[in-house]
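Reading through the structure tokens given below for one structure.
Every number here is computed from the coordinates shown, using simple stated rules; none is lab data. Not measured: the values here are computed from a predicted model. Quick reminder, even Gly has a Cβ in these numbers, built from the backbone with ideal geometry, and neighbours come from all protein chains shown.
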Amino acid sequence: MTLYPKLILDALATVRYPGTGKNIVEAGMVEDNIRIEGMKVSFSLIFEKSTDPFMKSIIKAAETAILTYVSKDVDIKGNISVKTIQQARPEPGCMLPQVKNIIAVSSGKGGVGKSTVAANLAVALAKAGYKVGLLDADIFGPSMPKMFQVEDARPYAETIDGRDLIIPVEKYGLKLLSIGFFVDPDQATLWRGGMASNALKQLIADANWGELDYFLIDLPPGTSDIHLTIVQNLAITGAVVVSTPQQVALADARKGINMFTNDKVNVPILGLVENMAWFTPAELPENKYYIFGREGAKHLAEEMNVPLLGQIPLVQSICEGGDNGLPVALDENSITGRAFIQLAANVVEQTNLRNANQAPTQIVEMNKN
């Protein structure tokens, strides 16, 4: 029998902490680094205080759950250690010490093309010569395997410096990981928040990302446990917020910006991207039809004093490229390809300003009407 972390987490999810109603996985009591050597399993449980009265019973229940729901042959007894919250809390940034810049790509709502922007921004940065990693953090709706035409990829683990690390998939000059590589694409992922957060932390900390100039994280839409997991465990350089010009999307984009700039989160906003800024038919490249409204994201950027990083037109090739695994940024001679190349340049500029401890500046609009 081959053991893997999800089997252990599923078993531990049957153990509930007395009085809270939450299982120990959902409550974040299981440390991310589950170590598996053959049939031997070891990990740490995290308690608020070293004097927790339920500590011994929880450890016993965890051992029993693994022996019951995984296999009676698992070597687990005596292999569960204990940490307090203070001991278990990582310093921000320590999970990816070889990464220079971590960029969160976010949106207030779904359907605004956030993943399309993230994928093409990553490709454009790689084309510019940067070392790039892309993490699909949308646990419940992963789309990157489809957008990069690597749906059949099955990342494997290698032992590196005594640790079993996942090797990211490489495509178009960048490294890519997604939960979509590890789950059935035809089945819904029915995980509680704690399990989703733990899976995400494994994709970050237990992968061989190596040295990167830019690590892009395609966040799920809205605000959730995933967003909190990211900002609590990583030193985010800045966030890129994606919206369409439509008023309902702008309202949610405003909430997304407020989430990152909240005192408890405190992640700088590198800027706002207006996606689907206008429709341009392929046969009439000079024509612009503002079907979702005009310059709504530009006005929001001015209102909230954040840079407008770019305006991406809506053309059929974007949809086709996403479906066929050929991001439009690969063709720098196309209208959208040029838009994403310019977006990448603007993100680099704002990142450099951020790293130099300078206030972001408003970027002059690249597409004059």
Per-residue [θ]222 nm for the chain (sum of -39500 (n - 2.57) over DSSP H runs n ≥ 4, rounded to 500): -10000 deg cm²/dmol
Packing-based ranking, highest mean first, of 133-141, 30-38, 5-13, 67-75 given that Cβ atoms within 10 Å are counted: 133-141, 5-13, 30-38, 67-75
Partner aspartates and glutamates for Lys72 [C-alpha distance under 19 Å; skip if fewer than 8 residues away on the same chain]: Asp10, Glu37, Glu63
Helical segments meeting 15 Å axial Cα length and Kyte-Doolittle 0.5 threshold in the chain (DSSP H): 55-69, 114-127, 193-205
Over segment 239-329: Kirkwood hydrodynamic radius from C-alpha pairwise inverse distances, Å: 14.0 Å
Sites matching GluC sites (Glu not before Pro) across segment 283-314 that sit in DSSP coil, with at most 13 neighbouring C-beta atoms within 10 Å: Glu283, Glu286
Of every Cα-Cα pair in the chain, the percent that sits beyond 36 Å: 26 percent
22 Å Cα-Cα reach of Lys109 towards lysines, excluding residues that sit fewer than 8 places from it in its own chain: Lys146, Lys255, Lys264, Lys298
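Rg to Rh ratio, segment 31-76, alpha-carbon atoms and Kirkwood radius?
Looking at segment 31-76, the ratio lands at 1.00.
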Packing rank of 213-219, 144-150, where each peptide gets the mean count of other beta carbons within 10 Å, highest leading: 213-219, 144-150
Cα lying deepest toward the dipole's positive end in the chain, options Gly210, Ala157, Asn198, charges on Cβ: Asn198
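Among the trypsin sites (Lys or Arg not before Pro) within segment 203-280, which fall in a DSSP loop and have no more than 11 other Cβ atoms within 10 Å of their own Cβ?
Here the trypsin sites (Lys or Arg not before Pro) that fit, given the DSSP loop and packing criteria, are Lys264.
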Taking segment 99-355 and dividing mean pair separation by its residue count, relative contact order in percent (alpha carbons under 8 Å, at least six apart): 26 percent
Fraction of beta bridges assigned by DSSP in the chain that are antiparallel (%, nearest 5): 25 percent
